[in-house]
Amino acid sequence: MRIGLAAVFAVAASLAAGAGAAQSSSLAGAVATTTLNVPRIVFKQRKLGNGLTVITSESHTSPTVSVQVWYRVGGSDDPAGRSGFAHLFEHMMFKSTKHLKSEQFDRMTEDVGGSNNASTGDDVTEYDEVVPSNHLETLLWAEAERMINLEVDLANFNSERAVVEEEYRQRILASPYGRFFEAVRTRPYLQHPYQRGTIGSIDNLDAATLDDVVAFHDRYYRPDNATLVVTGDFDARQLDAWVDKYFAPIARPAAPLPLREAKEPPWTSDRSITVKAPKVPLPAVAAVWLAPPVTDADAPALQVAAALLSSGESSRLNQSLVYRQQIATQAGFNADLRAGPGLLIASAVAAGGKSPQAVRSALLAEVRRLVDKPASPAELDKIKVQILTGAFGTRQTPIGLASAIADAAVLGGDANRVNTDLDDLQRVTAADVQRVLRRYVTNAHMVSFDYAEDATAQ
């Protein structure tokens, strides 16, 4: 997609000048609401006989190409008592295969000026690479190779289990607020597997056997549970031939894919949870509410609400709690939307000498202020331009565009959502923001969190 950021900044300048349709002269300093016509992303989609979904988007703006494979498996798919398996395989997929040495993906990408990465979410695990376009065939072969010929053996299992456990120690146990934010994202759930988290459990991983790991790999790492996205500088006919050559021969397993049937019961009362850890620098608080899935019609309004409250230095929570009241060192609001039930998370870290009770009261009061009094046209337009600018900037590169398409296809359930999601955000009104906050926040049950030092911990 060829869209310059200048187009977005031109819109921003136009808004700031009060230009555009529907300008209101009744409000001093009001800014008109202007809708930007977002050019469509052109892509092709097909499905191979083995069930693999293939999506391609051709662009010759730079001689680079991105290859991404998204598997529909995440932390919520970990077996009971085996938290961390999806994350474990994010690491194991970089180990040896029948025809690849361990870590050879680094050599095939970094050594030619490209890069590779991977991440595990609640619902997906994605693998991405970007390389000069003359290395495309090599990357397609390599992705197919590790899809079908990964060596899930004891040596690789033990090696990567130790890596994942050390990552847990660093990100959760050693981080000053690691335990807090991990608890905030998982412990509100009463029943859904999201309560297990994605990074894993040291006890669960220690208890796992090689047979457990092999069974997990066979269950989820298969072509009919994967989406291949290729964007950038390629010849479409040649790309199709390579995909058919390397991916089409991979057999679809006879066993059906596991069904995702997990649900979260309604929250029927408010709850309070205290999280303790050694050497907590400053107390922290959070308020959490249940949110709809990312595909829900209310999702865009919730995303705009979150941005109004916490996006940037001029956001409402930052201006109120950090600058004016000086009651918190940081404050935020996150619409953590997922394939299943998500969370709305308001959080703050107390300033020195401020009580958690006072911080929580100020945090909730600022959220309710957005419910009681609508955002001004100027404030709403500013946030929308920020969101559009971020999206356009990301989609300028093959890797960013591929991620946007894959996210729409795998999490959103329809690749064409990449061509409608920004329009949906632009249509959000101040009244929409108030409506969704009333529904999911002020008229809903809340889980309150306190983060405090554990005086007994060493």
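The values are calculated or read from the model by the stated rules, or taken from the named source; none is laboratory data. Since we're looking at a predicted model, the values are computed, not measured. Glycine gets a Cβ as well: all are built from the backbone with ideal geometry, and neighbour counts include every protein chain shown. These area figures cover heavy atoms from the full protein model, side chains too; ligands, DNA and RNA do not enter into them. Shrake-Rupley method; radii C 1.70, N 1.55, O 1.52, S 1.80 Å.
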query = Considering only DSSP states other than H, G, I, E and B, which trypsin sites (Lys or Arg not before Pro) in the stretch 100-207 qualify as loop sites with at most 15 other Cβ atoms within 10 Å?
reply = Lys101
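Rounded, prolate or oblate: which fits the stretch 258-378 when a ≥ b ≥ c are the square roots of the eigenvalues of the alpha-carbon gyration tensor, with rounded for a/c under 1.5 and prolate only if a/b beats b/c?
oblate
Quick one: grab the alpha carbon gyration tensor of the stretch 316-372, order the square roots of its eigenvalues as a ≥ b ≥ c, and give me rounded if a/c is under 1.5, else prolate or oblate depending on whether a/b is larger than b/c.
prolate
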task = Could you do me a favour and compute the accessible area per residue for the stretch 68-134, 1.4 Å probe, result in Å²?
result = 34
request  = Would you check the accessible area of Met108, probe 1.4 Å, heavy atoms only, in square angstrom rounded to 10?
outcome  = 30
ask   = Given charges of +1 on the Cβ of Lys and Arg and -1 on the Cβ of Asp and Glu, with all other atoms neutral, how large is the dipole of the stretch 345-443 about its Cα centre, in debye to the nearest 20?
value = 460
Surface accessible to a 1.4 Å probe, per residue, for the residues of the stretch 189-316, Å² = 45
ask   = Taking a probe of 1.4 angstrom, what is the accessible area of Ile250 in Å², to the nearest 10?
value = 10
ask   = Quick one: with all protein chains in place, what share of the accessible area of the stretch 370-409 is carbon or sulfur, to the nearest percent (1.4 Å probe)?
value = 62
query = Which net charge results when you count Lys and Arg as +1 and Asp and Glu as -1 among the other residues whose beta-carbon is under 15 Å from that of Lys382?
reply = -1
ask   = At each listed q (0.16, 0.18, 0.21, 0.22 Å⁻¹), what is the log10 of I(q)/I(0) that the Debye formula gives for the stretch 76-201 modelled as equal alpha-carbon point scatterers?
value = -0.86, -1.01, -1.20, -1.26
task = Among the lysines, select those whose C-alpha is under 29 Å from the C-alpha of Lys245, and discard any that sit fewer than 8 residues away in the same chain.
result = Lys44, Lys47, Lys95, Lys98, Lys101
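May I ask what percent, to the nearest 5, of DSSP beta bridges between residues of the chain are antiparallel?
80
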For the chain, the fraction of alpha-carbon pairs in successive 20 Å shells from zero, as % = 22, 53, 25, 1
note = Computed about the Cα centre, the charge dipole of the stretch 160-242 from +1 Lys/Arg and -1 Asp/Glu charges at the Cβ has a magnitude in debye, to the nearest 20, of 480
task = Just add up the charged neighbours of Lys95: K/R +1, D/E -1, any other residue whose Cβ is under 14 Å from the Cβ of Lys95.
result = -2
request  = Let me know the shape class of the stretch 200-273, please: from the alpha-carbon gyration tensor, a ≥ b ≥ c as square roots of the eigenvalues, rounded when a/c is under 1.5, otherwise prolate if a/b is greater than b/c, or oblate.
outcome  = prolate
remark   = Relative contact order of the chain (C-alpha contacts under 8 Å, at least 6 apart) in percent is 21
note = Cβ-Cβ cut-off under 13 Å around Ala409, Lys and Arg +1, Asp and Glu -1: the net charge is 0
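Express the carbon and sulfur contribution to the solvent-accessible surface of the stretch 42-168 as a percent, rounded to the nearest whole number, probe 1.4 angstrom.
49
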